[in-house]
Amino acid sequence: MGFENFGTVSFTAEAKAADFITYLEAGKVMATRCRKCGVSYFPPRMDCPRCLSSDVEWFEIKGDGKLISYTVVNYGPTGFENDAPYILALGEFDGGVQIFACLSRDIEQKDIQIGMGLVVSPVKLPDNRIAYEFKKG
């Protein structure tokens, strides 16, 4: 599978980081790290904008992260209008990797607290699409 089936709306069919989708389908959320300067990236990048190296390695985002910030989206943009309201969140994981994702609908808004534990997990969407979301850690 390529990027054409990633997320609710996909604007590209091909990407240098296409393995990201293969990993999601295998149940893993992956990021990349530049072997030259050590900076980690999510979403994955195959070329480091810091040092311009293309020598990167994949690594799995595992374990608990923590909620840094979130917002309730009441009016979704094109492709997401039927999903609203939903919650977008920023989580931080080991090594300082930050991930932007939707919170699982299993997490009630009254239970959301900055600093709460999160895990990032692949999620199957309708029409054989795939994405990732935060679940309570």
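Given the condition small (G, A, S), under 21 Å from A131 (Cβ atoms) and in contact (Cβ under 8 Å) with a residue 12 or more places away in the chain, answer yes or no: does some residue in region 49-60 qualify? Spell out the reasoning first.
At the first step, the residues of region 49-60 found to be small (G, A, S) are 53-54.
Retained after the next criterion (residues that are under 21 Å from A131 (Cβ atoms)): none.
Among the residues of region 49-60, not one is small (G, A, S), under 21 Å from A131 (Cβ atoms) and in contact (Cβ under 8 Å) with a residue 12 or more places away in the chain, which makes the answer no.
Residue check: is V72 hydrophobic (A, V, I, L, M, F, W, C), in contact with a Cys (Cβ under 9 Å, 6 or more places away or on another chain) and free of Cβ contacts under 8 Å to residues at least 40 places away in the same chain?
Details: hydrophobic (A, V, I, L, M, F, W, C): yes; in contact with a Cys (Cβ under 9 Å, 6 or more places away or on another chain): no; free of Cβ contacts under 8 Å to residues at least 40 places away in the same chain: yes.
For V72, the condition - hydrophobic (A, V, I, L, M, F, W, C), in contact with a Cys (Cβ under 9 Å, 6 or more places away or on another chain) and free of Cβ contacts under 8 Å to residues at least 40 places away in the same chain - is not met.
Of the residues E133, E92, only one is touching a Cys at 6+ places or on another chain (Cβ under 6 Å) and of a type in the set (D, E, K, R); which?
On the way: E92 fails: touching a Cys at 6+ places or on another chain (Cβ under 6 Å).
It is E133.
Looking at I87, is it surrounded by 15 or more Cβ atoms within 10 Å (Cβ to Cβ), in a loop (DSSP other than H, G, I, E, B) and among the aliphatic types (A, V, I, L, M)?
Values: surrounded by 15 or more Cβ atoms within 10 Å (Cβ to Cβ): yes; in a loop (DSSP other than H, G, I, E, B): no; among the aliphatic types (A, V, I, L, M): yes.
The answer is no for I87.
Among the residues of region 114-133, count how many are without any contact (Cβ under 8 Å) to a residue 60 or more places away in the chain and within 15 Å of L24 (Cα to Cα).
Qualifying residue count, region 114-133: 4.
In region 90-137, what residues are closer than 25 Å to P44 by Cβ, loosely packed, with under 12 Cβ neighbours inside 10 Å and not acidic (D, E)? Let's see the steps before the verdict.
Filtering region 90-137 down to residues closer than 25 Å to P44 by Cβ leaves 90-104, 117-137.
The next check asks that each one be loosely packed, with under 12 Cβ neighbours inside 10 Å; those that pass are 96, 124, 126-128.
The answer is G96, K124, P126, N128.
Going residue by residue through region 72-80, is there one that turns out to be surrounded by 15 or more Cβ atoms within 10 Å (Cβ to Cβ), outside any strand (DSSP E or B) and modelled with pLDDT of 95 or more?
no
Can you report the number of residues in region 13-49 which are in a helix (DSSP H, G or I) and either over 13 Å from the mean Cα position of the chain (by Cα) or farther than 20 Å from P122 by Cβ (or both)?
Initial filter on region 13-49 (in a helix (DSSP H, G or I)): 19-25.
If we keep only those that are either over 13 Å from the mean Cα position of the chain (by Cα) or farther than 20 Å from P122 by Cβ (or both) too, we end up with 19, 22, 25.
So the count comes out to 3.
Exactly one of (1) surrounded by fewer than 15 Cβ atoms within 10 Å (Cβ to Cβ); (2) modelled with pLDDT of 95 or more; (3) touching a Ser or Thr at 6+ places or on another chain (Cβ under 9 Å) is unmet by V56. Its number?
It is condition (1) that V56 fails.
The values are calculated or read from the model by the stated rules, or taken from the named source; none is laboratory data. A quick note: this is a predicted structure, and the numbers were derived from the prediction, not measured. All Cβ positions, even for glycine, are placed from backbone atoms using ideal geometry, and neighbour counts span all protein chains on display.
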